[in-house]
Ligand code: AMP
């Protein structure tokens, strides 16, 4: 059975978070350790453990998730200057919470390659 992660607890409101958006499909909240002036995490309410699980997911649900990520970035005012979406996936990418989450990073000049 999947582990009850920190983000399951945030979704259930057992742990508080700075929520910036919620709808039927997703919850978006500010990262507690921001790596950019704007750093928000977006999780689907229908749990998947990592980006890799999207390979088998319902394409319609995947589309709703991706659309929601783009709308949250727009709502945060990042569209004009640009932003980065990151899905850390698995050990070498240092995924630390086993609940899929899109990082939205923006509000500063981002560098490439990432570390
Ligand atoms: P990852 O390393 O990609 O799994 O990202 C997990 C993210 O969750 C990190 O950027 C953490 O700073 C963030 N995080 C950990 N605890 C919390 C929390 N209580 N509220 C919001 N973000 C958190």
If the Cβ limit is 7 Å and pairs must be 6+ apart or interchain, which residue in the stretch 92-115 that is modelled with pLDDT under 95 pairs with which residue that is surrounded by fewer than 11 Cβ atoms within 10 Å (Cβ to Cβ)?
none
Residue that is nearest to the ligand (Cβ to nearest atom), among those in the stretch 1-23 that are assigned to a loop (DSSP other than H, G, I, E, B) and in contact (Cβ under 8 Å) with a residue 24 or more places away in the chain:
5
Among what's in the stretch 59-115 and is part of a strand (DSSP E or B) and in contact with a helix residue (DSSP H, G or I) (Cβ under 8 Å, 6 or more places away or on another chain), pick the residue that is nearest to the ligand (Cβ to nearest atom).
102
Can you report the number of residues in the stretch 80-111 which are over 21 Å from residue 54 (Cα atoms) and out of contact with any strand residue (DSSP E or B) (no Cβ under 9 Å at 6 or more places or on another chain)?
3
Considering residues that are surrounded by fewer than 17 Cβ atoms within 10 Å (Cβ to Cβ) and either touching a strand residue (DSSP E or B) at 6+ places or on another chain (Cβ under 6 Å) or on the phi > 0 side of the Ramachandran plot (or both), the number found within the stretch 2-23 is 4
Every residue from the stretch 24-37 that is surrounded by 17 or more Cβ atoms within 10 Å (Cβ to Cβ) and either in a loop (DSSP other than H, G, I, E, B) or out of contact with any helix residue (DSSP H, G or I) (no Cβ under 9 Å at 6 or more places or on another chain) (or both)
31, 36
Write out, first by first residue and then by second, each pair whose Cβ atoms fall under 9 Å of each other, whose residues are 6+ apart or on separate chains, and whose first residue, in the stretch 63-90, is touching a residue at least 40 places away in the same chain (Cβ under 8 Å) while the second is surrounded by fewer than 19 Cβ atoms within 10 Å (Cβ to Cβ) and assigned to a helix (DSSP H, G or I).
65/54; 90/51; 90/52
Per the filter on the stretch 24-38, residues over 16 Å from residue 98 (Cα atoms), within 8 Å of the ligand (Cβ to nearest atom) and in contact (Cβ under 8 Å) with a residue 40 or more places away in the chain are 35
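The values are calculated or read from the model by the stated rules, or taken from the named source; none is laboratory data. Since we're looking at a predicted model, the values are computed, not measured. As a convention, Cβ positions derive from the backbone with ideal geometry for all residues, glycine included, and neighbour counts pool all protein chains shown.
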